[in-house]
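Please treat every number below as a calculation from the coordinates, not as lab data. If you're wondering where the values come from, they're calculated on a predicted model, not measured in any experiment. Neighbour counts are summed over all protein chains in view; Cβ atoms, including those assigned to glycine, are modelled from backbone coordinates with ideal geometry.
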Amino acid sequence: MADQSAVPDYELADEIELTDPAQYRALFDDTRLKIVHLLLERAATTSELAFALDKPKGTVGHHLKVLEYAGLVRIVRTKQVRAIEAKYYGRTARVFLYHNWGRNEFEGIDLEPGGLLAHSVAEATHVPEHLRDLPSGSSTHYARIPVERAAEWRERIYELLTEFSSEPRGGEVTYGLMMAIYPTTRGHLPEPADGA
């Protein structure tokens, strides 16, 4: 088996922050999310992506154009295959940073918790029978912490997600890693009275 590096076979930025509503609309579509995830492995042609997604090349080509227009993917190289020039697409960044709390300009775009996170939860809770014996697990914990500490935890989560997505490619199963930190309306105990 060939050595498969964790780094895609093309240059890309570590991260970019999505600031344009068009980028959100482009990214938060099920097929386009799958395309950008596949491109973390290596650059791919429309035909290769169509095969991996089990979708028509025309459909995948349309989604690639939307992603390219939004600045999320780009042609990273071309190769002459017989009389046709094959275009290989890659992401523009390893990580796309997005925010949805209080971002009114993105209303109407299916962000968490109704969009990406809900899709990931559904995928994690409906594991096919033939994959159920493979390593997996989930847990939820709550802690009343200051906002500054929550921001630090968010950064640590981003770092761990980046480390996970940088793992060398191998095996026959694609794993997902879902992590979130979010404010809740859960109550908490009052501070103890003096002497208690």
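Stretched out straight at 0.36 nm per residue, the stretch from residue 180 to residue 138 would grow longer than its current Cα-Cα span by 13.9 nm. For residue 173 and residue 148, a Förster radius of 30 Å and the Cβ-Cβ distance give a FRET efficiency of 0.20, rounded to the nearest 0.05.
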